[in-house]
Structure formats: structure tokens, C-alpha cells
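Written below as C-alpha cells is the structure these notes are about.
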Amino acid sequence: MLNPNAIPDGGTLSQDARHGPLPLLLIVLTVVTGLVDAVSYLKLGHVFVANMTGNVVLLGLAVGGVSEFSIAVSLTAIGSFLLGALAGGRLGSSTGEHRGRFLALATYAQVSVVGAAFVVSLASSEVSGGIPAYALVVLLAFAMGLQNATARRLGVPDLTTTVLTQTVTGLAADSHFAGGANPNFGRRLIATAAMFTGASLGAVLIFHVSVSAALAVAVALLLINATAGYHLSSSTAAWTAAK
């Protein structure tokens, strides 16, 4: 019987032959992406904190005079994302030789920043404008830049955690119908479903509970990863070696 968690490169989603438990942990981060982008787009001025392709397009629309989008908010998100990616890159340069330890430290940092965003949302009666909105954009975009740099350094195929363009392209372009070998088909589908799930859950929580509820779920997921990272940081398994 086929394992429903099976992935093509030699393992399961929870234990990959080349990447250990990293695929599962990166899937969790992909859900977090959906949650925080739902918060930012729906409540923080129609901006993305994780999807920089979308932000560049929104910035272009704002420059072109579309009043629904804000030049200042888009630039704030892009700038803070870059700072987060810079922090992730520096962390990877100093600790990236052990992928488990690197993921643990990056997740500790990320949960702290998203936790700060959660506190800001609790302290603000209205987060859709003014200083609270900008504070949330800065914190969440920084966290997602850090996450993206972490996923990039870890190098697990088809799990960037913040963008799906190449993943969805691969589903079609590498399929048997296109003459390809259909590599990582299950992983690509799960990554797509994870972001969809995060965004859907985020929208439900935002409109029926609160922004704080959506951020609380994001923090909870990051804490799960941080706990796993703590245990993996001392692993000597082959997958922990930098690729």
C-alpha cells in the first residue's frame, strides 16, 4: 500500500532521506505564510508581507495611481523584508553548517518577531491604519524575510515557504503529460495546499474572530517548529550537514 505521505526523493514528508524532517517543518512555515499574508492583505492596507512579487506589482499599481494601494506601505513591507532576509543570511553564514541548529535559531528569532506582532495586535483597538498597521507590516515582513532566507539556505527543493510560482509551474511543466518525470509531485501539492490552508484559515479567523487570533495561530505553529528545532539542533544525522 502506498504511503500517503510518500515523496519521490526517498522518504516521507516527516522523514526525508536527504533532508530529514526539514520538509515537514517547512510545510508548517508555508502555512504560517498563508496566515500572515491574509492578515497583511486584508487588514494592513492591501499589502503582502511574504510575497514580494505581489508587492512589486502592488507598488507599481500604486505608482500608477491606483488609490486602493499605498506606495508607503508597499515600500515599508519590501524594506523590512529585505532586512529580515539580511538577518537570515547573516545567521546562515555563522550557523548554517548544521541545518538543524540553523533552523532552530532562525525559528527562535522568527517566533519572537511574530510574537511581538501578536502583542501589538492585542494592544491596538484598530490595526487597519496608522502606527499599529505600519508596526505590524514591519514586524511581519521582517519575520517573513528571515523565513525566506532560512528556507533558501536549507535548500529543500520546492519548499521556499513563501512563493508558489515555480512550485505550481513544476506541477505542469515536469508532469508526465509534458514528458517529464514528475519529481516531488506530492511535496509540491502539499506545499500548495499548505499555503491555501493558511490563507483560508487566516481569513476565517480575521473576519469571525480577530487579527490577533490569526497571529496567535501563526505563533503557535512557530512554537511547534521551535520545539522541534530545539531537539534537532544537537542531531548528528547526515541530513544536518550543509548542502
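Leu136 - would you say it is part of a helix (DSSP H, G or I), at pLDDT 95 or above and surrounded by fewer than 24 Cβ atoms within 10 Å (Cβ to Cβ)? Taking the combined requirement at face value, the residue does not satisfy it.
Does Val119 satisfy the criteria of being more than 30 Å from Trp239 (Cβ to Cβ), open to solvent by 10 Å² or more (accessible area, probe 1.4 Å), in a helix (DSSP H, G or I) and modelled with pLDDT of 95 or more? Taking the combined requirement at face value, the residue satisfies it. Residues of region 48-62 that are open to solvent by 10 Å² or more (accessible area, probe 1.4 Å), closer than 21 Å to Gly198 by Cα and assigned to a helix (DSSP H, G or I): Met52, Thr53, Gly54. Number of residues in region 40-94 that are without any contact (Cβ under 8 Å) to a residue 12 or more places away in the chain and polar (S, T, N, Q) equals 3. Answer yes or no as to whether Arg90 is open to solvent by 40 Å² or more (accessible area, probe 1.4 Å), more than 15 Å from Leu25 (Cβ to Cβ) and among the basic types (Lys, Arg). When the stated conditions are applied, Arg90 passes them. Going by the conditions given, is Leu171 open to solvent by less than 60 Å² (accessible area, probe 1.4 Å), in a helix (DSSP H, G or I), closer than 19 Å to Gly34 by Cβ and out of contact with any Lys or Arg (no Cβ under 7 Å at 6 or more places or on another chain)? No: the conditions fail for Leu171.
Could you tell me whether region 196-212 includes any residue that is buried (at least 18 other Cβ atoms within 10 Å of the Cβ) and modelled with pLDDT under 85? Checked region 196-212: no residue is buried (at least 18 other Cβ atoms within 10 Å of the Cβ) and modelled with pLDDT under 85. Say whether the condition of being in contact (Cβ under 8 Å) with a residue 60 or more places away in the chain, open to solvent by 50 Å² or more (accessible area, probe 1.4 Å), assigned to a helix (DSSP H, G or I) and under 29 Å from Leu44 (Cα atoms) is met by at least one residue in region 176-188. Taking every residue of region 176-188 in turn, none turns out to be in contact (Cβ under 8 Å) with a residue 60 or more places away in the chain, open to solvent by 50 Å² or more (accessible area, probe 1.4 Å), assigned to a helix (DSSP H, G or I) and under 29 Å from Leu44 (Cα atoms). Of the numbered criteria (1) farther than 30 Å from Ala237 by Cα; (2) in contact with a strand residue (DSSP E or B) (Cβ under 7 Å, 6 or more places away or on another chain), the one Leu58 fails is (2).
Return the residues of region 122-133 that are assigned to a helix (DSSP H, G or I) and either farther than 16 Å from Val219 by Cα or basic (Lys, Arg) (or both); say none if nothing qualifies. Of everything in region 122-133, those that are assigned to a helix (DSSP H, G or I) and either farther than 16 Å from Val219 by Cα or basic (Lys, Arg) (or both) turn out to be Ala123, Gly130, Ile131, Pro132, Ala133.
In region 36-47, the residue that is farthest from Glu68 (Cα to Cα) out of those that are open to solvent by less than 20 Å² (accessible area, probe 1.4 Å) and in a loop (DSSP other than H, G, I, E, B) is Leu44.
The values are calculated or read from the model by the stated rules, or taken from the named source; none is laboratory data. Computed from a predicted model, the values in this text were never measured in an experiment. Because the Cβ atoms are built from the backbone with ideal geometry, glycine has one as well, and the counts that use them run over all protein chains shown. Ligands, DNA and RNA are excluded from the accessible area calculation, which covers all protein heavy atoms including side chains. Shrake-Rupley method; radii C 1.70, N 1.55, O 1.52, S 1.80 Å.
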